[in-house]
Amino acid sequence: MTTTAEVPTVELNNGVRIPQFGFGVFQIPPDETAQAVRTALEAGYRHIDTAQMYRNEAGVGAGIAESGLKREDVFVTTKLANDAHGHDNAITALEGSLRRLGFDHVDLYLIHWPLPHKENYVRTWQGFEEILRAGKARAIGVSNFQPGHLDRLAEETETVPAVNQIELHPALQQSELRAYHREHGIATEAWSPLAQAEVLDDPVLAELAGKHGRTAAQVVLRWHLQLGNIVFPKSSSPDRIRQNIDVFGFELDDEDMTAIGKLDAGRRTGPDPDAFTG
């Protein structure tokens, strides 16, 4: 079983360290979230990713409280709801998250979607900067931002996002956006890292799974880690939760990484950030 000592951390651009492997709670029902989080923490996870839109922040907080772990031992991310854009709204929305979580701060607070049609993500980010200065979040970042959105933040605000959380999996490898992140000191987080299981039947992944005596999902998660992505697969199955984090006992070689690299088809499972309206 994986131990927390085996999970590497990534240093963000403000010096905060985030566990590279975490647990996502998207689509986990609120009344099941606390148990799922407890199971994940028992399995060695120390990074939980939630969002205001998931409506399960209270379960995340309860699961951590019931685990017996210290608050500072678990890295927690939440994300701004799409109907709460704006300078003041972003600050107020985080206060609601903190009440539900039972915390006095989060480790990472993200703008969930840029919603460019609203033309409000810059003012929202300025609210995030106030949150960072107030110590209500140890780091701030964005999710689903494209280079043009990030350029506007660089031009009109003072803080480079610590993270951009984007859809990223073998069928959508986002090489240009990942290169932008590297150039600007932004960490890449991958949501839908398994493409909602759509890629797991690919014969290339099946062959690599057989080669390493692992599942196709474990191969894909290992690929993410070796690319340097921060990744947090979601599951409510205790067996799958434990299986997902058991990816530190093997390594993909250059030939394996090249083979997975050839699976990029530019195929999204979620919305296009330039067109998504919330």
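With both residues required to sit in the chain, DSSP beta bridges show an antiparallel share near 15%. Averaging over all projection directions, the Cα-based convex hull of the range 79-119 occupies 2.9 nm² in the image plane. Between THR92 and GLN226, the simple label model (points 7 Å from Cα in the Cβ direction) yields a spacing of 4.9 nm. Considering all alpha-carbon pairs of the chain, what whole percent are spaced by more than 22 angstrom? Roughly 55 percent, rounded to a whole number. Taking 1.306 mPa s as the viscosity and 10 °C as the temperature, the Stokes-Einstein diffusion coefficient of the range 183-271 based on its alpha-carbon Kirkwood radius rounds to 116 µm²/s. Counting Cα-Cα pairs of the range 59-102 in 5 Å increments starting at 0 gives whole-percent bin shares of 5, 21, 27, 18, 13, 10, 5, 0. Each 5 Å bin from 0 upward holds the following percent of the Cα-Cα pairs of the range 63-157: 3, 14, 26, 23, 15, 10, 6, 3, 1.
What translational diffusion coefficient, in µm²/s and rounded to a whole number, does the Stokes-Einstein relation yield for the range 113-257 at 20 °C and a viscosity of 1.002 mPa s, taking the hydrodynamic radius as the Kirkwood radius over Cα pairs? Display every interim value, and only then the final one.
Values: Rh = 16.8 Å.
My calculation gives 127 µm²/s for D.
Above 28 Å, the calculated P(r) of the range 1-150 contains 17 percent of its Cα-Cα pairs. Long hydrophobic helices in the chain: none of the complete DSSP H runs spans 24 Å or more by Cα along its own axis with mean Kyte-Doolittle hydropathy of at least 0.0. Of the GluC sites (Glu not before Pro) found in the range 177-278, those in coil by DSSP whose Cβ has at most 12 other Cβ atoms within 10 Å are GLU251. For the chain, the solvent-accessible area with a 1.4 angstrom probe is 42 square angstrom per residue.
When both the range 19-48 and the range 214-278 are represented by their alpha-carbon centers, they are found 17 Å apart.
In the chain, what percent of the accessible surface is made up of carbon and sulfur (1.4 Å probe, ligands and nucleic acids excluded)? List each step's numbers first, then the result.
Values: 5370 of 11770 Å².
Carbon and sulfur atoms account for 46 percent of the accessible area of the chain.
Semi-axes of the equivalent ellipsoid for the range 234-277, computed as √(5λ) from the eigenvalues of its C-alpha gyration tensor and ordered from largest down, come to 27, 22, 7 Å.
For the range 1-71, the Kirkwood estimate of the hydrodynamic radius, built from every pair of different alpha carbons, is 12.7 Å. Label sites at GLU183 and GLU72, each approximated as a point 7 angstrom past Cα along Cα to Cβ, lie 3.9 nm apart.
Residue separation of ASP272 and SER237 scaled by 0.36 nm, minus their Cα-Cα distance, works out to 9.7 nm of gained length.
The values are calculated or read from the model by the stated rules, or taken from the named source; none is laboratory data. In this text, all values refer to a predicted model and were calculated from it rather than measured experimentally. Positions of Cβ are generated from backbone atoms using ideal geometry, with glycine treated the same way; all protein chains shown enter the neighbour counts. Surface accessibility is based on the protein's heavy atoms, side chains included, excluding ligands, DNA and RNA. Shrake-Rupley method; radii C 1.70, N 1.55, O 1.52, S 1.80 Å.
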